[in-house]
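Following: one structure in structure tokens, then a few remarks.
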């Protein structure tokens, strides 16, 4: 018998209980679909609710599908307007999510509309515990996920922000740089062989230009141009960010270019060894020189920003442009105010305030 008033099967028989259990499941699912429609469209009709429940005309947007679609489009731009390293980071985060979903949620994918703050925090916990990621790595990976979510939000596929209320920040890291004395020590140190000397010279070239390894490796002769001021400049774009980076060549980098002129192929300026070989040799050279800082091309760029530019009075806005940064906050991470620079600035200030201080001191 059917209880019309309560919309349930009457009685306590096994058959009635099965029917009522099925009815309850349907009711829960219909209510969930109702709430989804209200969130996305702001109104519900019987026809829309029926179609949503039956899956008619409803395209289920999921996180991994969106991520994979994004990565496929991004990969086409690698080598043109996007860098391989950035693509690798997106692919890594996508793979981590592919592992995270069955590990934590026992599912292969998740609808975008089911994303929430709990999901975001669970993924962060997974990165820290299961993948053993450090704080700054986690921070970088969460930025990637946030970007993917923002794509869905911007095109209307996700009407809310799952990251609302999420708090995460990177740890401050001492980037490391060489002092002027250490740069001279590096240049005076005898090199084991010609390859070590080449790698040392390329590092110093980066110190005086701020170019990253990939930009030094890809630097071609046609990028060396006499600019409007009559000086020789590097006119290029950073591979990582595709931002314009025009750098006037000082005497040291010009001397290094001349030293290796004609030794590279395909119009390149330098015969640059692989990144792995350079890092290995730089580590050996740093140990030979007794440096506490491990030599890398990142250290070369930090040295350029700090020791070469900022410590000699170049404004941080100019430093940012020379390094090809898209955001001055990035430059502030690279560039450190040295004690020597503070001392010089305070000495300059002391001379400027000399008369004012004399008058005040008389009144004390």
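If I filter the range 233-241 for residues that are closer than 18 Å to residue 290 by Cα and at pLDDT 90 or above, do I get at least one hit?
no
From 18, 65, 48, 5, grab the single residue that is in contact (Cβ under 8 Å) with a residue 40 or more places away in the chain and more than 30 Å from residue 215 (Cβ to Cβ).
The unique qualifying residue is 65.
Please enumerate the residues belonging to the range 198-224 that are within 26 Å of residue 316 (Cβ to Cβ) and out of contact with any helix residue (DSSP H, G or I) (no Cβ under 7 Å at 6 or more places or on another chain).
Those that are within 26 Å of residue 316 (Cβ to Cβ) and out of contact with any helix residue (DSSP H, G or I) (no Cβ under 7 Å at 6 or more places or on another chain): 211, 214, 215, 219, 223.
Given the range 37-104, what helices (runs of 4 or more DSSP H) lie entirely inside it while holding 2 or more residues that are at pLDDT below 80?
46-54
Check off (1) at pLDDT 90 or above; (2) surrounded by 13 or more Cβ atoms within 10 Å (Cβ to Cβ) for residue 309 and give me the number that stays unchecked.
(1)
Conditions first: (1) under 25 Å from residue 221 (Cα atoms); (2) in contact (Cβ under 8 Å) with a residue 60 or more places away in the chain. Residue 307 passes all but one, so which condition is the exception?
Failing condition for residue 307: (1).
Is the range 154-174 home to any residue that is outside the structural domain of residue 125 (by TED's automatic domain parsing), part of a helix (DSSP H, G or I), over 30 Å from residue 110 (Cα atoms) and out of contact with any helix residue (DSSP H, G or I) (no Cβ under 9 Å at 6 or more places or on another chain)?
No - not one qualifying residue is present in the range 154-174.
Go through the residues of the range 105-123 one by one and say whether even a single one is farther than 30 Å from residue 32 by Cβ and outside the structural domain of residue 330 (by TED's automatic domain parsing).
Step one: filter the range 105-123 for residues farther than 30 Å from residue 32 by Cβ, giving none.
There is no residue in the range 105-123 that is farther than 30 Å from residue 32 by Cβ and outside the structural domain of residue 330 (by TED's automatic domain parsing).
Does residue 144 qualify as being surrounded by 15 or more Cβ atoms within 10 Å (Cβ to Cβ), part of a helix (DSSP H, G or I) and assigned by TED's automatic domain parsing to the domain that holds residue 263?
The answer is no for residue 144.
Here's a check for you: in the range 244-260, which residue that is exposed (fewer than 13 other Cβ atoms within 10 Å of the Cβ) and at pLDDT below 95 is farthest from the chain's Cα centre (by Cα)?
Per the stated criteria, the residue is 251.
Return only the number of the condition from (1) within 23 Å of residue 160 (Cβ to Cβ); (2) in a helix (DSSP H, G or I) that residue 109 does not satisfy.
It is condition (2) that residue 109 fails.
Do we find a residue being in contact with a strand residue (DSSP E or B) (Cβ under 8 Å, 6 or more places away or on another chain) and under 17 Å from residue 249 (Cβ atoms) anywhere in the range 301-320?
Here is the first cut: in the range 301-320, the residues in contact with a strand residue (DSSP E or B) (Cβ under 8 Å, 6 or more places away or on another chain) are none.
Looking through the range 301-320, none of the residues is in contact with a strand residue (DSSP E or B) (Cβ under 8 Å, 6 or more places away or on another chain) and under 17 Å from residue 249 (Cβ atoms).
Every residue, every condition in (1) assigned by TED's automatic domain parsing to the domain that holds residue 201; (2) out of contact with any helix residue (DSSP H, G or I) (no Cβ under 8 Å at 6 or more places or on another chain); (3) in contact (Cβ under 8 Å) with a residue 12 or more places away in the chain, yes or no:
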{"position": "258", "(1), (2), (3)": "yes, yes, no"}
{"position": "261", "(1), (2), (3)": "yes, yes, no"}
{"position": "280", "(1), (2), (3)": "yes, yes, no"}
{"position": "285", "(1), (2), (3)": "yes, no, yes"}
{"position": "291", "(1), (2), (3)": "yes, no, yes"}
{"position": "296", "(1), (2), (3)": "yes, no, yes"}
{"position": "299", "(1), (2), (3)": "yes, yes, yes"}
{"position": "303", "(1), (2), (3)": "yes, no, yes"}
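The values are calculated or read from the model by the stated rules, or taken from the named source; none is laboratory data. Predicted, not measured: the structure shown is a model, and the values here were computed from it. Positions of Cβ are backbone-derived with ideal geometry, glycine not excepted, and every protein chain shown enters the neighbour counts.
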